[in-house]
1. Over the chain, consider all pairs of different Cα atoms and compute the Kirkwood hydrodynamic radius from their mean reciprocal separation; express it in Å, one decimal.
2. Read phi for every residue in the stretch 30-35 and hand back ³J(HN,Hα) as whole Hz from Karplus 6.51 cos²θ - 1.76 cosθ + 1.60, θ = phi - 60°, with x for Gly and Pro.
3. Under the Karplus relation 6.51 cos²θ - 1.76 cosθ + 1.60, θ = phi - 60°, what is the ordered set of whole-Hz ³J(HN,Hα) values for the stretch 41-58, x standing for Gly and Pro?
4. If packing is taken as the mean number of other Cβ atoms within 10 Å per residue, what is the order of 19-28, 34-43, highest first?
5. Tell me, in nm to one decimal, what length is gained between Lys3 and Thr27 on full extension, where the rule is 0.36 nm per residue of separation less the Cα-Cα distance?
6. Near the amide H of Trp32, under 5 Å away, which other amide H atoms are found, from residues 5 or more places off or on another chain, if H is placed in the peptide plane?
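Rule-based calculations on the coordinates, nothing more; no lab input. On a predicted model such as this, the values are computed, not experimentally measured, just so you know. Neighbour counts run over all protein chains shown; Cβ positions are idealised from the backbone, glycine included.
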Amino acid sequence: MIKVEGYKAFHGVMKITPKNKQFPAFTLKCDWLYKPEYNCWYGDGRSFPAEICEVINE
């Protein structure tokens, strides 16, 4: 994982587990960026709250 000016970044797989159990968990492989001021991970042109994200492989 790369850390620059408070941001984390990596290329790898993230597991996304939505809070609404109607939607299944899924994985995405792409470039990821974490912004602490929003507590979100950004990848694949979308943003995800950090609380539903789990780094699988970097």
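1. Across the chain, the inverse of the average 1/r is 11.6 Å.
2. 5, 7, 10, 9, 9, 10
3. Computed from phi, the couplings for the stretch 41-58 are 9, 10, x, 6, x, 10, 10, 9, x, 4, 5, 9, 10, 9, 5, 9, 8, 10 Hz.
4. 34-43, 19-28
5. 6.4 nm
6. It is Phe10, His11, Gly12, by chain and number.
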